[in-house]
1. For the stretch 215-270, give me the residue count where each residue is closer than 21 Å to L288 by Cα, within 14 Å of the chain's Cα centre (by Cα) and charged (D, E, K, R).
2. Test of understanding: among E318, E273, which residue is closer than 30 Å to Y195 by Cα and touching a Leu at 6+ places or on another chain (Cβ under 8 Å)?
3. Restricting the search to the stretch 55-87, which residues are away from the ligand (no atom under 16 Å from the Cβ), touching a strand residue (DSSP E or B) at 6+ places or on another chain (Cβ under 9 Å) and not polar (S, T, N, Q)?
4. Test of understanding: among V153, V121, V149, which residue is of a type in the set (A, V, I, L, M), in contact (Cβ under 8 Å) with a residue 12 or more places away in the chain and closer than 23 Å to L246 by Cβ?
5. For G91, which of the numbered conditions (1) without any contact (Cβ under 8 Å) to a residue 24 or more places away in the chain; (2) crowded, with 17+ Cβ neighbours inside 10 Å fails to hold?
6. Confirm whether E12 is surrounded by fewer than 20 Cβ atoms within 10 Å (Cβ to Cβ), in contact (Cβ under 8 Å) with a residue 12 or more places away in the chain, more than 12 Å from the ligand (Cβ to nearest atom) and not aliphatic (A, V, I, L, M).
7. Is it the case that the stretch 113-121 has a residue that's surrounded by fewer than 24 Cβ atoms within 10 Å (Cβ to Cβ) and not hydrophobic (A, V, I, L, M, F, W, C)?
8. Give me a count of the residues in the stretch 68-87 that are part of a helix (DSSP H, G or I) and hydrophobic (A, V, I, L, M, F, W, C).
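The values are calculated or read from the model by the stated rules, or taken from the named source; none is laboratory data. In this text the structure is predicted, and so the values were computed from the model without any measurement. Every residue, glycine among them, receives a Cβ derived from its backbone with ideal geometry; neighbour counts consider all protein chains shown.
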Amino acid sequence: MSTILSIKGKSEIFVGRVEEALDKFLHGERVVVITDANIDRLYHDLIGRYDHIIVGHGEGNKNLVAVQTIYSRLLDMGADRSTTLLGIGGGIVTDITGYVASTFMRGLDFGFISTSLLGQVDASIGGKNGVNIANYKNMVGTFAQPRFVISDVEFLRTLPLRELRAGMAEVVKMAIVGDAELFAFIEDNISEQCYRDSDIMRRIVLESARLKADIVDRDECEKGVRRVLNLGHTIGHAIEKCTNKLNHGEAVAIGLSQISHLSSRLGLLSREEMLRIDSLLEKIGFSLELPVAMSDILREMRFDKKKSNNLLRVVLPERIGLCRIVEMPLSELEKYFVE
Ligand SMILES: NC(=O)c1ccc[n+]([C@@H]2O[C@H](COP(=O)([O-])OP(=O)(O)OC[C@H]3O[C@@H](n4cnc5c(N)ncnc54)[C@H](O)[C@@H]3O)[C@@H](O)[C@H]2O)c1
């Protein structure tokens with residue numbers, strides 16, 4: 001059974017089997033695949049059907065050097081404006097593919113087969129594409145919607161446990177932002193075995209994707225409501241900059257916990273709900289200990305690109321399923337965290 005969600009009638013998110021989706025979205029046009037070596041090794045039957053370009057994996061490869069290399073390869077391959085780029089992989093592959101596709105020859109048609117949990121519930125959806133510059137995450141990028149996103153939960157069977165957990169951090173974020181029922185569903189079903197249960201994973205992917213698609217549909221360019229999706233990310237990104245020991249999801253999990261504690265201290269979130277959030281994150285398997293000193297994290301937050309006029313937009317949970325955006329000078333935030 002497959003489900004299709006739509007963003008502004010220009011981006012379709014297909015949750016179901018990949019072969020059915022490929023028949024639906026590709027009709028004999030020239031396709032160039034961008035992927036990484038892990039996906040090529042595990043799914044060469046799929047990758048090998050198309051001309052393909054392999055990028056290095058890891059956040060350190062999500063940069064303009066990779067982009068430049070892909071541009072050159074596309075030129076060598078004779079790609080033109082009728083070529084469709086197909087990113088097959090996790091969030092790193094899809095972020096790079098979207099950026100290349102939306103800039104090469106002023107924009108090619110593109111789509112994704114999202115293979116990681118984090119990608120299926122978040123990164124592949126919504127048209128934010130980009131790469132890192134020096135130590136700044138996603139500092140260069142575009143808003144451009146993929147024509148289609150294909151999420152087949154069967155890919156998750158080969159995803160390592162650590163990456164599955166990382167994806168769950170974004171699922172928990174989505175649930176806190178706008179879906180209390182999804183939060184309760186995860187509380188009831190989470191275990192190491194649940195990742196092998198296609199029905200459970202399909203529901204998690206579908207409900208998270210539905211929520212994200214709905215928010216992006218209302219605010220494509222992040223001028224308003226879409227900002228709630230940054231819940232836990234200002235702190236999470238700062239943690240990622242301070243240490244390379246944690247992946248994105250692990251840093252976001254700590255960010256979610258820290259921001260829930262702040263919200264509770266501010267009297268917005270009840271202590272009971274704050275403890276529910278921590279306990280679910282721990283049940284998933286996250287350590288919520290700060291991996292570096294809070295003073296280092298606050299220093300990195302000063303450079304956050306979502307800051308304007310020295311005001312940070314902080315997303316604070318009011319209850320599970322509802323968040324509020326508050327503008328706060330960094331100095332005030334620092335005061336709460338160092339108290
Ligand atoms: N554009 C957005 O809106 C958005 C939102 C959230 C996160 N992101 C970005 O997403 C990136 C993180 O994405 P990610 O966690 O998917 O990382 P990733 O792309 O590095 O994938 C994680 C690892 O899993 C491997 N992998 C992927 N699918 C697999 C599968 N089915 N089987 C086995 N191995 C597989 C990859 O090769 C990689 O080693 C970050 O760069 C983050 O900034 C973007």
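1. Going through the stretch 215-270 one residue at a time, the tally reaches 1.
2. Numbers: E273 fails: touching a Leu at 6+ places or on another chain (Cβ under 8 Å).
None of the other options fit; the residue is E318.
3. Step one: filter the stretch 55-87 for residues away from the ligand (no atom under 16 Å from the Cβ), giving 68-69, 71-84.
Checking which are touching a strand residue (DSSP E or B) at 6+ places or on another chain (Cβ under 9 Å) leaves us with 69, 73-74, 77, 79, 81-84.
Listed by number, the residues that qualify are R73, L74, M77, A79, R81.
4. V121
5. Tallying (1) without any contact (Cβ under 8 Å) to a residue 24 or more places away in the chain; (2) crowded, with 17+ Cβ neighbours inside 10 Å, G91 fails exactly one: (1).
6. Values: surrounded by fewer than 20 Cβ atoms within 10 Å (Cβ to Cβ): no; in contact (Cβ under 8 Å) with a residue 12 or more places away in the chain: yes; more than 12 Å from the ligand (Cβ to nearest atom): yes; not aliphatic (A, V, I, L, M): yes.
No, not satisfied.
7. Step one: list which residues in the stretch 113-121 are surrounded by fewer than 24 Cβ atoms within 10 Å (Cβ to Cβ), which gives none.
Within the stretch 113-121, none of the residues are surrounded by fewer than 24 Cβ atoms within 10 Å (Cβ to Cβ) and not hydrophobic (A, V, I, L, M, F, W, C).
8. 4
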